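Notes for the one structure printed next.
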Amino acid sequence: MTDHLSDVAATALSLLQSAHNGDAAAADQLGDLMPSLTAAAESGDTGAQNVLGGILLEHIGDPSGAAFWFGKAAVAGSPAGKRSLGHLLADGLGVTQDLAEAERLFQEAADDGDAHARFNLARLWWGKRDPQTVAELLRSAAEGGVEEAYGPLGDLLTAMGESVEALTCYFAAIHAGDADVLHDAITLARSLTDEDIRHAGELAGCPGEAEAMVKTVRKYR
């Protein structure tokens, strides 16, 4: 099953994103839309249930209410609902923490193709499962658009001795705005040849960043 957003759910999601960016008018419009969104959720619209859960969790600060609607969507087979409820269960937000149930939900959503669920499952399995299995989940998550997967994947691949691919991931993370990986990227690049660094940059689609890295690490050689 794939998640589909009805018009009211799509509008509410757009307003939620704008409200998070400080748009007061969007926040007001979102409040006005809540009765229609709630009615859609109550009618069984899983997209509306997930968006309503997101509003309750992120905008209103009601994780228990969010768990109710994510649970409705999860029971109906929504991958996003399963993943979102799993997140609450894993962290004990609005519900009693239940890592086993969170793992089950993440696994089901991941099997349904949800990239964020694969990222969450990788985080849950970090240090507990075979590193290659975790790496595959992170790769799949990154390929599915979860940019925050690049940094952890780079760390894991570095530990596994896959240096060029690890640097490729760090370049991708930096390009996506994750400055926290810069130190680890430089440390790793110092152990590689200029050709390896450039190759990693090409794989990441970041030749400019790679050339800058070559110049940086030459100072330490």
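Listed here are the residues, each with its yes/no results for (1) under 20 Å from Arg118 (Cα atoms); (2) open to solvent by 70 Å² or more (accessible area, probe 1.4 Å); (3) not small (Gly, Ala, Ser).
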site	(1), (2), (3)
Glu143	yes, yes, yes
Ala149	yes, no, no
Pro152	yes, no, yes
Cys169	yes, no, yes
His175	no, yes, yes
Thr187	no, yes, yes
Glu195	no, yes, yes
Glu209	no, no, yes
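Take Ser14 and tell me if it is part of a helix (DSSP H, G or I) and closer than 16 Å to Leu105 by Cβ.
Numbers: part of a helix (DSSP H, G or I): yes; closer than 16 Å to Leu105 by Cβ: no.
Against the criterion (part of a helix (DSSP H, G or I) and closer than 16 Å to Leu105 by Cβ), Ser14 does not qualify.
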Can you tell me how many residues within the range 71-105 are of a type in the set (S, T, N, Q) and within 14 Å of Leu52 (Cβ to Cβ)? 2
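With the range 48-160 as the region, which helices (runs of 4 or more DSSP H) entirely inside it contain at least 2 residues that are basic (Lys, Arg)? Even if it seems obvious, please write down each step before you answer.
Values: elements: 63-75, 79-91, 99-111, 115-125, 131-143, 150-159.
The qualifying helices (runs of 4 or more DSSP H) are 79-91, 115-125.
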Enumeration of residues in the range 17-52 that are open to solvent by less than 30 Å² (accessible area, probe 1.4 Å) and closer than 15 Å to Ser6 by Cβ: Leu37, Ala40, Ala41, Thr46, Gly47, Ala48, Gln49, Asn50, Val51, Leu52
Filtering the range 81-104 for residues that are farther than 20 Å from Asp45 by Cα and buried (at least 17 other Cβ atoms within 10 Å of the Cβ) leaves a count of 8
Can you tell me which condition Gly94 does not meet? The list is (1) in contact (Cβ under 8 Å) with a residue 60 or more places away in the chain; (2) more than 16 Å from the chain's Cα centre (by Cα), and all the others hold. (1)
Report, by residue number, each residue of the range 173-204 that is out of contact with any Leu (no Cβ under 9 Å at 6 or more places or on another chain), under 23 Å from Trp126 (Cβ atoms) and outside any loop (DSSP other than H, G, I, E, B). Ala179, Asp180, Val181, Leu182, His183, Asp184, Thr187
Test each condition in (1) exposed (fewer than 15 other Cβ atoms within 10 Å of the Cβ); (2) touching a residue at least 12 places away in the same chain (Cβ under 8 Å) for Asp111 and report the one that comes out false. (2)
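Of these, Ser64, Ser78, which one is open to solvent by 60 Å² or more (accessible area, probe 1.4 Å), in contact (Cβ under 8 Å) with a residue 12 or more places away in the chain and polar (S, T, N, Q)? Break it down into steps so the answer makes sense when it comes.
Numbers: Ser78 fails: open to solvent by 60 Å² or more (accessible area, probe 1.4 Å).
The conditions single out Ser64.
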If we scan the range 122-134, do we find a residue that is under 12 Å from the mean Cα position of the chain (by Cα), open to solvent by less than 40 Å² (accessible area, probe 1.4 Å) and modelled with pLDDT of 95 or more? yes
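Out of the residues in the range 136-172 that are of a type in the set (A, V, I, L, M) and within 15 Å of the chain's Cα centre (by Cα), state the one that is nearest to Gly205 (Cα to Cα).
Looking only at the range 136-172, we keep the residues that are of a type in the set (A, V, I, L, M), and these are 137-138, 141-142, 146, 149, 153, 156-157, 159-160, 164, 166-167, 172.
Then keep just the ones that are within 15 Å of the chain's Cα centre (by Cα); that gives 137-138, 141-142, 146, 149, 153, 172.
Values: Leu137: 21, Leu138: 19, Ala141: 18, Ala142: 14, Val146: 17, Ala149: 17, Leu153: 17, Ala172: 8 Å.
Among those that are of a type in the set (A, V, I, L, M) and within 15 Å of the chain's Cα centre (by Cα), it is Ala172.
The values are calculated or read from the model by the stated rules, or taken from the named source; none is laboratory data. No experiment lies behind these values; they were computed from the predicted model shown. Every residue, glycine among them, receives a Cβ derived from its backbone with ideal geometry; neighbour counts consider all protein chains shown. Areas reflect the complete protein model, heavy atoms only, side chains present, ligands, DNA and RNA absent. Shrake-Rupley method; radii C 1.70, N 1.55, O 1.52, S 1.80 Å.
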